[in-house]
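Before anything else, here's the structure in question.
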Amino acid sequence: MRAFEYVSPNNKAQAISLLPSSWGKTEIIAGGTDLLALMKDDVVSPQRLINLKEVKELRGVDANAQGMRIGALTTLDELANDPAIKKNYPAFAEALKEVASPQIRNQATLGGNLCQRPRCWYFRNGFGLLPKDDSGKELVTAGENRYHAIFGNSGAAKFVSPSTIAPILIAYGASLRIEGLKGKRALPLEKFFVIPTAEGQREHDLRPNEIVTELVLPPVLNMRAAHYEIRQKEAFDWPLAVAAVALKMNGASVQSARVVLGHVAPVPWRSPEAAQALAGQQVNPATAQKAAEIAVAGACPLSSNGYKVQLARVAVRRAILKAAGSAAGETG
Ligand SMILES: Cc1cc2nc3c(=O)[nH]c(=O)nc-3n(C[C@H](O)[C@H](O)[C@H](O)COP(=O)(O)OP(=O)(O)OC[C@H]3O[C@@H](n4cnc5c(N)ncnc54)[C@H](O)[C@@H]3O)c2cc1C
């Protein structure tokens, strides 16, 4: 690893005052579980790290009638074991328990999870987010793309958004609070994830002189939600497809729904069409199957990842049934 300067502010104002005006030379470090690996592999080589771990204002969970605010520096393990999260947002708690391993969850933070960089093996080997060869030919299209995107891949970005918890947070309607040298702003979490169109752009709507300070979850009333993840093995592994579903119920019928897929596109991928298909319906294996078919209807697989369409379809169907509390149709 290359040598770097390390600064460790102990309050938010001090941390913000240290933020740079451009990407590259300075990086934020939280738990370090992603950033340090990228530095060891020389994919990023900052000259300075700003450590956020000593900034106490960025930690903790605060739940009240308006919902829940979570500091960006709260660890995934703290969140997975938080009684208010388990009670009010159980599908989020379940998704948290499936992230990585206990050791990583103990160190990794919420902000770091949402800001982590893609696992695309071209990116991780130094070819950039939009990898091309010297002649300008896209490497992913002609190359090893079995884990790449099946949605949102018509441009040069074909990696998949890595956070397993982002889809269920978007399904619950979460928003982010961001602070920087130019002040504060809030945005829905789904708008935080963007598809880069030129090398050098990032996959988050975050400027170099900003940090994520907290996540806000709205209150959940008459809502049933589920997270469903398909992995190659039961032990800790990256998912091949994730589906997150939140159903706002009106008696036995769905009043409105949010359906979000993960690990299938460069951003968490919402399916408003599948959500629309569920509105006004009672959930049963037939309505869940129909919504799942609709959710994957626009998929555009690459040469080696067509299998992910079926995985995404199954994940959506099972997440809908799981959210509705039905075991029917859980197989197949
Ligand atoms: C073996 C392994 C398995 C994994 N499996 C999964 C999985 O199944 N699902 C999953 O979701 N993740 C998985 N991960 C990724 C893991 O969840 C992330 O590495 C972790 O959440 C990152 O958090 P961190 O606090 O360590 O971030 P860091 O490594 O400190 O930072 C990550 C990035 O976020 C930026 N950053 C951090 N905090 C902020 C902030 N507050 N504001 C702005 N920028 C910030 C940093 O600058 C850096 O670019 C896995 C990782 C490993 C090593």
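The values are calculated or read from the model by the stated rules, or taken from the named source; none is laboratory data. Please read all numbers here as calculations on a predicted model, not as lab measurements. Ideal geometry is used to build each Cβ from the backbone, glycine not excepted, and the neighbour counts take in all protein chains shown. Side chains are part of the model used for accessible areas, which takes the heavy atoms of the whole protein and leaves out ligands, DNA and RNA. Shrake-Rupley method; radii C 1.70, N 1.55, O 1.52, S 1.80 Å.
Helix 307-323 sits at what angle to the longest principal axis of the chain, using alpha carbons and giving 0 to 90 degrees rounded to 10?
In the chain, helix 307-323 runs at an angle near 70 degrees to the longest axis.
Can you give the longest stretch of the chain with no exposed loop site, where a site means GluC sites (Glu not before Pro) in a DSSP loop (not H, G, I, E or B) with at most 15 other C-beta atoms within 10 Å?
Here the longest segment lacking exposed loop sites spans 235-329.
Let me ask something else about it. Restricting to DSSP loop positions (anything but H, G, I, E, B) with no more than 12 other Cβ atoms inside 10 Å of their own Cβ, which trypsin sites (Lys or Arg not before Pro) remain in region 217-268?
Details: sites: ARG224, ARG231, LYS233, LYS248, ARG258; in loops: LYS233.
Filter output for region 217-268: LYS233.
Now for a different question. Taking a 1.4 Å probe, which of CYS115, CYS120, CYS300 shows the most accessible area, and what order do the others take after it?
CYS300, CYS115, CYS120
How big is region 166-240 along each principal axis, measuring the range of its Cα positions in Å and listing the largest first?
Principal-axis extents of the Cα atoms in region 166-240, largest first: 43, 37, 21 Å.
Further, regarding this structure: For LYS184, give me every one of the aspartates and glutamates with a C-alpha distance below 12 angstrom, ignoring sequence neighbours fewer than eight places off in its own chain.
GLU210, GLU214
Tally the DSSP beta bridges in region 1-127 and give the antiparallel ones as a percent, rounded to 5.
In region 1-127, approximately 40 percent of DSSP beta bridges are antiparallel ones.
Another question about this same structure. To the nearest 10 square angstrom, how much accessible area does THR164 have with a 1.4 angstrom probe?
10
Right, something else. Would you work out if the chain is rounded, prolate or oblate? Take a ≥ b ≥ c from the square roots of the eigenvalues of the alpha-carbon gyration tensor; rounded if a/c is under 1.5, else prolate when a/b is larger than b/c, oblate otherwise.
oblate
Please compute the length gained on full extension between LYS12 and SER154, using 0.36 nm multiplied by the number of residues separating them and subtracting their Cα-Cα distance.
47.2 nm
Helix 285-296 versus the longest principal axis of the chain: what angle, 0 to 90°, nearest 10, using Cα atoms?
40
Can you give the Rg/Rh ratio of region 42-114, where Rg is from the C-alpha atoms and Rh is the Kirkwood radius?
1.03
Now a separate question. Give me the accessible area per residue for the chain, probe 1.4 Å, as a whole number in Å².
44
Over region 143-245, what percent of the accessible surface lies on carbon and sulfur atoms, probe 1.4 Å?
51
Can you give the direction-averaged projected area of the convex hull of the alpha-carbon atoms in region 53-195, in nm²?
Mean projected area for region 53-195: 10.8 nm², to one decimal.
Given an 8 Å cut-off on Cα distances and at least 6 residues of separation, report the relative contact order of the chain as a percent.
This gives 16 percent for the chain.
Right, another one. With just the Cα atoms defining each centre, how far is region 49-77 from region 211-283? Give it in Å.
One Cα centre to the other: 23 Å.
Right, another one. Using a 7 Å offset from Cα along Cα-Cβ at SER253, what residues in region 267-294 end up with backbone N under 13 Å from the label point?
Hits in region 267-294 for SER253 at 13 Å: 278-283.
Pulled fully out, how much extra length does the chain show between LYS132 and GLU234, if you take 0.36 nm times their separation in residues and subtract their Cα-Cα distance?
Difference between extended and current length: 33.3 nm.
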